[in-house]
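Structure record follows, encoded as structure tokens.
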Amino acid sequence: MLDFKTKLFVSAALFAAGLVQATLLGGCAVVPQNHRAAFAEPVMRDDDALDAHRKRKLYTTREAAAGGDGKTAGGGCSCQ
Amino acid sequence: MRGQASFGVALALMLALAPDHARAEGGSWSDAEVLGKKPAVHVDLVQTRVSAYDQTGRGYQSQAGPLQGPGSETLQVLQAQGEFVMSEGDHLTHRVWIPVDLVTSASANAIDKYYAKPDVVSTASAQNMAQEVQYELTDRADADTTWTGGVGFHHEEPFLSWFYALEYQRSLAEDNATVSVAANEVLDWFDEFGLGGVRRGRASRASSNLNLGFSQLLSPTTLAALSYGVTLQRGELSNTWNTVPLAAGGRESEALPRERVRHAASLALQQYLPWHGALRLRYRFYRDDWDVTAHSLEAELRQRLADWLLVGASYRYHHQTGVSFFTISAVPSSSPYATADSDLAGLFTQTIGGNVTVNLPTERLGTLFLSCGFDHYFRSDKLRVNVATWATGFRY
């Protein structure tokens, strides 16, 4: 029976292998460029960094499990 | 006939005067030739956002209350942010971001410079200000490869912090897929306080994060994204003023392990809806070696009501188990570690939010946008936070 750390390591290794495989295979070209109009719609924009920061800080300063994905749960907070 | 001859001469002159490289590629034209030469420096975005947080609740780590707790977690934050994005030529993008937090907190103010007694112990309300500046430089090395480097500095009353980041992103399969690898490092240096609020010197911690991401277009209206992040935190991981009630009466300082390994994986789906709407779903799994396991589910629906008007609604559910050494009645001899911090307890939380955005094109200043939103966050331990936020800016 694998312990928790080993399972996590195996999971991370499999995920990394998947990324490497995706890189080597070049992803899947399923949508030609002239069929991507929907992604240019304002409702599909997901680039408001200030709103993302606001939400991230709301959670990282109040939940033990927040953070650790993309931005570290550190960097100072006087409100913990 | 005369008109046709003139047109032929004009066409011949255009071809003769066209740059050699355009014709060398089988008659194709470059972006600059079609769209006009891009200015050397171009401002892409200027925006500000102000958010106000109003929190109520009680937690056993706070001494702003009865000796055996729970103490007040009442908190108000006024957070102002400014962002400036500028592109330089075809390859470089600069981003400067400045957040400032003004906090009025029940238990956080830790300075003994201006007060006779540090109010980490005694006073239920004081003010603290935190400010930060971050700079990012993005280099689009070629059509498929992007590098981003970032640095940042954070300052608040008993706290200094430095931030470094590096990200590599590569587009694949004619931009159908993207792979990214990012590394982040945060170094914190802060005042350490004893149980009685006496300054004991300085403490530090380091947080190292590696993040892997993969996104893929699944259809002309569907985008999927997968990410995994691992974070190693080392050093003093407590804020040093949190306390733990003792079974025998009285309190002691919170004691946390000096190392923590955190794993987070998430899957996100974004679907365009044919009535000018969009649906975002995200599931996140979290696990760390302090025995916290968490599941989070987020959903957001956005709708364009007019060319200039967007509305959105969001919901988030989060459940986490507590750390193995959480207690509100500690027996010092039983474990070297103890915390009563409500954030580290087992709990579930929900967030309900909504927002409205107005986009107004202008003749000279790009698109003026105005946005406002409201979030209500509530936890199973009765902690409540109301957040109101406003943003305005120009997107050029």
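Before moving on, here are some points about what is shown:
- Per-residue average of Cβ from other chains inside 10 Å of A:30-40: 6
- Working from label points 7 Å from Cα in the Cα-to-Cβ sense, the B:H91 to B:E174 distance is 2.7 nm.
- Shielding by partners for peptide B:207-219, expressed as the average number of C-beta atoms from other protein chains within 10 Å of each residue's C-beta, is 5.
- Working note: Karplus 6.51/-1.76/1.60 with θ = phi - 60° gives region B:260-271 the couplings 8, 10, 10, 10, 9, 10, 9, 10, 10, 10, 10, 10 Hz, where Gly and Pro are set to x.
- Relative exposure of B:W308, B:W290, judged by other C-beta atoms within 10 Å (fewest first): B:W308, B:W290
- Take each residue of peptide B:259-265, count the partner chain Cβ atoms within 10 Å of its Cβ, and average: the result is 5.
- The string of couplings for region B:298-310 from the Karplus curve (6.51, -1.76, 1.60, θ = phi - 60°) is 10, 9, 9, 10, 10, 9, 8, 8, 8, 4, 10, 10, 10 Hz, one whole number per residue in order, with x for Gly and Pro.
- Fewest-first ordering of B:R316, B:R364 by other beta carbons within 10 Å of each residue's beta carbon gives B:R364, B:R316.
- Counted charge near B:G346, where neighbours are those whose Cβ lies closer than 15 Å (Asp, Glu -1; Lys, Arg +1): -2
- Of the residues A:M44, B:M86, the one with the fewest other Cβ atoms within 10 Å heads the list, and the complete ranking is B:M86, A:M44.
- Separation between Cα centres of region B:299-320 and region B:81-95, rounded to whole Å: 27
- ³J(HN,Hα) computed for each position of region B:351-364 - Karplus, 6.51 cos²θ - 1.76 cosθ + 1.60, integer Hz, glycine/proline x: 10, 10, x, x, 8, 10, 10, 10, 10, 10, x, 10, 6, 10
Read-outs throughout are calculated quantities, based only on the coordinates presented, and are distinct from any laboratory measurement. Because the structure is predicted, anything quoted here is derived from the model rather than measured. Note that each Cβ is placed from the backbone with ideal geometry, even for glycine, and that neighbours are counted across all protein chains shown.
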